[in-house]
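S.K.: Handing you this structure, nothing more for now.
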């Protein structure tokens, strides 16, 4: 390589490194953001599913992007009457029915529930086993949500024995009926 070509190559390499004067520092992205251009978070959507009782002034759920945060669901029917008095499993099925109705209203399926918490008044180990078995019925085999079961001292009404809350992540804008046990042909 000629001396002139080497000098030209060195000049181009230095020019590619940027200016030799010090530029003011650029603000760094927040640690862990992984984003070069910050974006506004999605706007929360407050969900009130029909026929699911709610507390006045509160939502049944809040949807942010494709994530649904389910409020505590209790064993009340669409008229506000307690279902399954004295029967924990019947109350759990009603509370789960309310939770899945909200997920369906938000265009999901029950299998989109990824975190489920069951609150139970005065439960024994056998009660927890029976409720865990009943709760697993809303999910396809092998796709059950992360489950937490908690014994509590009381719920909003004296005869309520069970309540549930959870988080659902929608896997698309159109519900995947192949993951919906209720949609399976009988």
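What follows is calculated from the coordinates using simple rules that are stated; it is not laboratory data. Keep in mind that this is a model prediction, so the values were computed, not measured. Quick reminder, even Gly has a Cβ in these numbers, built from the backbone with ideal geometry, and neighbours come from all protein chains shown.
S.K.: Could you please rank 39, 131, 149, placing first whichever residue has the fewest other Cβ atoms within 10 Å of its Cβ?
M.R.: Ranking 39, 131, 149 by Cβ neighbours within 10 Å, fewest first, gives 39, 149, 131.
S.K.: Shifting gears a bit: Suppose R0 equals 22 Å. What FRET efficiency, 1/(1 + (r/R0)^6) with r the Cβ-Cβ distance, do residue 64 and residue 115 give to the nearest 0.05?
M.R.: Calculated transfer efficiency: 0.90.
S.K.: For a footprinting-style exposure proxy, rank 60, 136, 78 by other Cβ within 10 Å, fewest first.
M.R.: The fewest-first ordering by Cβ neighbours comes to 78, 136, 60.
S.K.: Further, regarding this structure: If you rank 126, 112 by fewest surrounding Cβ atoms within 10 Å, what's the result?
M.R.: Listing 126, 112 from fewest to most nearby Cβ atoms yields 126, 112.
S.K.: With label points built 7 Å along Cα→Cβ from the Cα atoms of residue 40 and residue 153, find their separation and express it in nm.
M.R.: Calculated label separation equals 4.4 nm.
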